[in-house]
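Everything below concerns the one structure shown next.
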Amino acid sequence: MCREHVVDVREDYQRFLDAGGEVAVITMGSVEQTAAFRDRNRLPFVCLADPKRLAYQAYGVPRASVWQVAGPAVWAGGLKATLRAGVGKPVGDVLQLHGSFIVDRAGVLRYIHLPKHTADQPTNGELIAQLELLAGSNIVGER
């Protein structure tokens, strides 16, 4: 997950909680790198290290082609992120795509978003709307 997106999630964290959700981020960094990333960005949610990408594989998150990482669909978002947050050193497999998931308290996947390219991710509003739908149907459960 890029720094820009994780900061946006931090800013909306209370909205995720209010919708009945909790946030967890999985990175490809080491435990130390992930802890430093969490501290540096003042993240109030769980950040887990997965340097071997086992969670990515278990959830079926594919690796990208070079086009999916550096093609035209990524340019505008990449420029915006660079202007906003600067250029950071990549950690892990630069071709590994990210995913967004909602897992209920029973461990059942209720929402899956696998991207077409690195700039393809649901907005916080879309994820929160999914949480609210699940909470309204009483699938997610009480906190």
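How many of the residues in segment 60-74 are over 24 Å from Asp8 (Cβ atoms) and surrounded by 13 or more Cβ atoms within 10 Å (Cβ to Cβ)?
Quick first cut of segment 60-74, residues over 24 Å from Asp8 (Cβ atoms) only: 60, 63, 65-67.
So of that shortlist, the ones also surrounded by 13 or more Cβ atoms within 10 Å (Cβ to Cβ) come out as 63.
Of the residues in that region, 1 qualify.
Got a number for residues in segment 93-135 being more than 17 Å from Arg63 (Cβ to Cβ), surrounded by 15 or more Cβ atoms within 10 Å (Cβ to Cβ) and of a type in the set (A, V, I, L, M)?
Residues in segment 93-135 being more than 17 Å from Arg63 (Cβ to Cβ), surrounded by 15 or more Cβ atoms within 10 Å (Cβ to Cβ) and of a type in the set (A, V, I, L, M): 8 in total.
Out of (1) modelled with pLDDT of 95 or more; (2) among the charged types (D, E, K, R); (3) more than 16 Å from the chain's Cα centre (by Cα), what's the single condition that is false for Asp50?
Against the list (1) modelled with pLDDT of 95 or more; (2) among the charged types (D, E, K, R); (3) more than 16 Å from the chain's Cα centre (by Cα), Asp50 comes up short only on (3).
Inside segment 23-34, can you point out the residues that are under 16 Å from the mean Cα position of the chain (by Cα) and without any contact (Cβ under 8 Å) to a residue 60 or more places away in the chain?
Initially, segment 23-34 is screened for residues under 16 Å from the mean Cα position of the chain (by Cα), giving 23-29, 34.
Correct list: Val23, Ala24, Val25, Ile26, Thr34.
Considering each residue of segment 1-59, count those that are β-branched (Val, Ile, Thr) and touching a Cys at 6+ places or on another chain (Cβ under 9 Å), and give that number. Give the derivation first.
Initial filter on segment 1-59 (β-branched (Val, Ile, Thr)): 6-7, 9, 23, 25-27, 31, 34, 46.
Among the residues that remain, those that are also touching a Cys at 6+ places or on another chain (Cβ under 9 Å) are: 6, 25-27, 34.
Selection size over segment 1-59: 5.
Looking only at segment 19-38, count how many residues are at pLDDT below 95 and acidic (Asp, Glu).
Of the residues in that region, 1 qualify.
Search segment 75-88 for residues being under 20 Å from Val9 (Cβ atoms) and either outside any helix (DSSP H, G or I) or in contact with a Pro (Cβ under 8 Å, 6 or more places away or on another chain) (or both), and hand back the single one that is modelled with the lowest pLDDT.
Only one residue fits best here, namely Gly86.
The values are calculated or read from the model by the stated rules, or taken from the named source; none is laboratory data. Quick caveat: nothing in here was measured; it's all calculated off a predicted structure. As a convention, Cβ positions derive from the backbone with ideal geometry for all residues, glycine included, and neighbour counts pool all protein chains shown.
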